[in-house]
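What follows is calculated from the coordinates using simple rules that are stated; it is not laboratory data. Quick caveat, the model's predicted, so the values are computed rather than measured. Cβ: placed from backbone, ideal geometry, glycine included. Neighbour counts: every protein chain shown.
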Amino acid sequence: MADEKLKDALCYKTAVELRKALLKREISAKELVDYSYRRIDEVDGKLNAFISLTKQYAYRTAEEVDRRIKINSDLPLLAGIPIAIKDNMCMHGIRTTAASRILENYVAPYNSTVVKKLEENLIPIIGKANLDEFAMGSSNENSAFGDVKNPWNFNKAPGGSSGGSAAAVSSGESVLALGSDTGGSIRLPASFCGVVGMKPTYGRVSRFGLIAFASSLDQIGPFARNVEDAALLLRAISGNDPMDSTSINLPVPDYSATLKEDIKGLRIGVITEFLGEGINPEVKDAINASIRVYEDLGAKIEEISVPNTKYVISTYYVIAMAEASSNLARFDGVKFGHRNKDAENLMEMYTKTRAEGFGEEVKRRIMLGTYALSSGYYDAYYKKAQQVRSLIKKDFDKAFEQVDLLLSPVSPTTAIDLGSIINDPLSMYLMDICTIMANLGGLPGISIPCGFDSKGLPIGLQLVGPALSEELMLRAAYNFEQATDFHTKNPAI
Ligand code: GLN
């Protein structure tokens, strides 16, 4: 097949469109993987979205898909569609770095459950995507493997921490991607890069084999070019897992089945706290225009106050850092990854290994988290944060008595300049103001493209719903997408 035709076949096409092409034998799964790698050769020198490529694995999966197509055998719905996974998910025999020096040469001895599920669904994993070290960050500038650039403007951050996953989908390197979201790390980069990104309900997707950052908040979720693809991918990775005791033991709905139903009478609450001070006027305009789209679709809009939102940043950062300090204690030079060679005794080996292996932001969090957990301070910080977390959850319970879904911006601004706030951790933490609440409440949230600012950068709309409301949320997102064309726009690279 001629290059241009192949390019046309993959770049910016959706999984659903590509499946039709595969079944009609207009293109093979091998050619799709070929195209992904060609596109990566073409643009990744600039973007830096990948840490490792997994060519052998991707081609092996594609071959199996092509073999089954040849004999007209049944094919899972996303079979043959290239996917990138964030490099904090373990893949057997493949380097899994979490974008940290400390795991630079760590080869995972087992598969995470999501990788197993992608395998069962014959979805070719083309590579491991760049991220902020241990998923700590909002701009993807904390990676030991270099910044990721935003495909819409190379001077801008792609958002973090799943910046590589978002950039890979946005630039046409991959059709799908997986990320992880502890405080917004799927939704923020999705909004900065103009793609769909979803954090499922806590426990919907197994965390087995995901390198832990903050275990009570972490959740894996899909990136895609549109809501329909995201719904298919969510279904493929969801479900109970005996290897993760926090995974939910309930059947996984067929999210695609109800996607196209209308949303007349749906009650949507607009969070007043997130449309006030500090929100960029262009973001505000786009959100107000989105509210009108929902009104035209027959939804009932109400203003909702979530008063404890003023505490979300402080609550989240105490809990996330405390859990991180405990989770990262295992990286001590003994069991995993990097070990300092010149230490003369065990203590020195621990300290030198950790000093060399961790980046600045990770060290900051280990120190603050350890402090918050230490005897004498535990009650004042960690316990207090857990209590406020309960208050925030109660705000949500109350809100969801009144409305079905909550609507807000994903972030107060569009993509920030690379380098602009990397030395100002507080400003960086404030970028998560609208996303963190869903993690604290264990609730699902989605980011969908809802406009562009005057510089041509994408703006994201966030919907958050009650636990296990993914079906409804995806339907609301799909209806919005059908009424607008923001998701069809692509960066000019
Ligand atoms: N930006 C947030 C943080 O740095 C969220 C990260 C995430 O969701 N993994 O903690």
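Assorted remarks:
- Derived scalar couplings between HN and Hα for region 13-30 equal 8, 8, 4, 5, 5, 5, 4, 4, 4, 5, 5, 7, 6, 6, 8, 9, 4, 4 Hz in order, rounded to whole Hz, by the Karplus curve 6.51 cos²θ - 1.76 cosθ + 1.60 (θ = phi - 60°), x for Gly and Pro.
- Shape of region 372-484, Cα gyration tensor, a/c cut at 1.5: oblate
- For Gly445, the residues whose amide H sits under 5 Å from its own are Lys199, ignoring neighbours fewer than 5 places away on the same chain, with H placed 1.01 Å from N.
- Distances between placed amide hydrogens fall under 5 Å for Ser206 paired with Gly239, all partners being 5 or more residues away or on another chain.
- Summarising the amide proton neighbourhood of Val270: residues at separation of 5 or more, or on other chains, whose placed amide H is nearer than 5 Å comprise Glu302, Glu303, Ile304, Leu407.
- Formal net charge of residues neighbouring Leu131 (Cβ-Cβ distance under 10 Å; K, R +1; D, E -1): -1
- Across region 371-385, rounded Karplus estimates of 3J(HN,Hα) from the backbone phi angles (6.51 cos²θ - 1.76 cosθ + 1.60, θ = phi - 60°) give 4, 5, 9, 6, 4, x, 10, 3, 5, 6, 10, 5, 5, 4, 4 Hz, Gly and Pro being marked x.
- Ranked by how many other beta carbons lie within 10 Å on average, peptides 421-427, 179-185 from highest: 179-185, 421-427
- Per residue of the chain, the DSSP helices (runs of n ≥ 4 H) give a summed -39500 (n - 2.57) that works out to -12000 deg cm²/dmol at 222 nm.
- One decimal place: the segment Val293-Ser216 gains 24.2 nm when fully extended, by the rule 0.36 nm per residue minus the C-alpha distance.
- Taking the charge dipole of the chain about its Cα centre, with +1 at Lys and Arg Cβ atoms and -1 at Asp and Glu Cβ atoms, the residue from Val195, Thr353, Ser36 reaching farthest to the positive side is Thr353.
- Ordering of 342-348, 198-204, 163-169, 353-359 by burial proxy (mean other Cβ atoms within 10 Å per residue, highest first): 163-169, 198-204, 353-359, 342-348
- Net charge of neighbours whose Cβ lies under 11 Å from the Cβ of Val205, counting Lys and Arg as +1 and Asp and Glu as -1: 0
- Long pairs among Lys86/Lys341; Lys128/Lys149; Lys199/Lys300; Lys156/Lys455, criterion Cα-Cα beyond 19 Å: Lys86/Lys341; Lys199/Lys300
- Taking a straight Cα-Cα cut-off under 19 Å and skipping sequence neighbours fewer than 8 places away in the same chain, the lysines within cross-link reach of Lys24 are Lys5, Lys7, Lys13, Lys70.
- Looking at the chain alone, DSSP beta bridges between its own residues are antiparallel in about 65 percent of cases.
- Summed side-chain charge close to Thr182 - residues other than Thr182 whose Cβ falls under 10 Å, Lys, Arg +1, Asp, Glu -1: -3
- Our coupling estimate for region 70-87, obtained by passing each phi through the Karplus curve with A = 6.51, B = -1.76, C = 1.60 and θ = phi - 60°, is 4, 9, 6, 7, 4, 10, x, 5, 10, 4, x, 8, x, 9, 10, 10, 4, 7 Hz, Gly and Pro reported as x.
- Burial order of peptide ranges 113-126, 438-451 (average beta-carbon count within 10 Å, highest first): 438-451, 113-126
- Straight-distance crosslink candidates among lysines, where the alpha carbon sits under 20 Å from Lys383 and sequence neighbours closer than 8 are dropped: Lys310, Lys393, Lys394
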